[in-house]
Amino acid sequence: SKLVDGWLRVFAGEQYDRLVKWISAVPKTAQGPLSALYLEGPPGCGKSLLCKGLSALWDDAPVDYNRIASSEFTGELLTSPLLIADEGVNVPKYSNGTNNPSSLFRSFTANQDHVVRKMYQAPVGLKAYLRVIITDNGPDGLPFQQTLGRHGIEAITERVFWIGVKPEAAEYLLEQV
């Protein structure tokens with residue numbers, strides 16, 4: 001609709017065209033990975049609204065990125081390939097090994113093959129490129145600096161499409177109510 005398009009134009013500013021292309025690729029989970037979308041902006045501008053709107057593609061709520069990343073049970077991935085890290089990715093105080101937060105992030109954003117585990121059931125394979133959105137009011141939504149060196153940081157930043165959400169997007173939404 002014109003209202004949604006108008007809001008997205010205000011929301012993304014000069015990144016509008018790239019955001020619309022990213023959104024159009026979201027449902028094509030068999031065709032390849034997408035950069036994670038990092039939405040940084042003030043409260044009320046619609047970061048969560050965009051996430052909820054995109055989750056409607058699967059008639060289900062988006063999957064909580066932090067819950068999936070911190071659990072051995074990942075059955076929610078069978079309901080939606082959209083993972084949302086609202087208010088950023090949580091990094092446990094002690095994280096190491098193959099399931100460390102940066103490895104999981106890279107796996108979620110780049111790999112097509114995932115193992116889904118449900119309690120009391122045999123693991124099953126999921127073949128889909130997951131879609132990841134990080135929302136935060138500031139720049140600290142991906143706090144991997146403490147655990148990664150320069151090359152690791154570069155590997156993460158190559159997988160992220162950042163949008164500085166415009167504060168005017170909140171005003172636009174309020175005007176439309």
Averaged per residue, what accessible area in Å² does the chain show with a 1.4 Å probe, protein chains only?
-> 55 Å²
The FRET efficiency for residue 28 and residue 71, from their Cβ-Cβ distance with R0 = 25 Å and rounded to 0.05, is 0.40
How many nm separate the modelled label positions at residue 3 and residue 20, each set 7 Å beyond the Cα in the direction of the Cβ?
-> 2.0 nm
Roughly speaking, what is the stretch gain from residue 128 to residue 103, that is 0.36 nm per residue apart minus the C-alpha to C-alpha distance, in nm to one decimal?
-> 7.2 nm
Go through 21/166; 2/127; 2/166; 2/47; 28/166 and tell me which ones have a Cα-Cα distance over 25 Å in this structure.
-> 2/127; 28/166
Rounded FRET efficiency, nearest 0.05, which uses the C-beta distance separating residue 113 from residue 49 and R0 of 45 Å | 0.90
Once the piece of chain linking residue 175 and residue 59 is laid out straight, how much longer is it, given 0.36 nm per residue of separation minus the C-alpha distance between them?
-> 39.0 nm
Looking at the chain, which longest stretch skips every one of the trypsin sites (Lys or Arg not before Pro) that is in a DSSP loop with at most 15 other Cβ atoms within 10 Å, leaving the sites themselves out?
-> 29-92
Between 112, 15, 121, find the one with the highest GNM mean-square fluctuation for the chain; connect C-alpha pairs within less than 10 Å.
-> 121
DSSP loop chymotrypsin sites (Phe, Trp or Tyr not before Pro) in region 1-110 with at most 10 other Cβ atoms within 10 Å of their Cβ, which ones?
-> 94
Which value in deg cm²/dmol, rounded to the nearest 500, describes the helix-derived mean residue ellipticity at 222 nm for the chain, given -39,500 (n - 2.57) per DSSP H run of n ≥ 4 and division by the residue count?
-> -10000 deg cm²/dmol
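The values are calculated or read from the model by the stated rules, or taken from the named source; none is laboratory data. Because the structure is predicted, anything quoted here is derived from the model rather than measured. Note that we place each Cβ from the backbone using ideal geometry, even for glycine, and neighbour counts take in every protein chain shown. Protein only, heavy atoms only, side chains kept; ligands, DNA and RNA dropped before computing areas. Shrake-Rupley method; radii C 1.70, N 1.55, O 1.52, S 1.80 Å.
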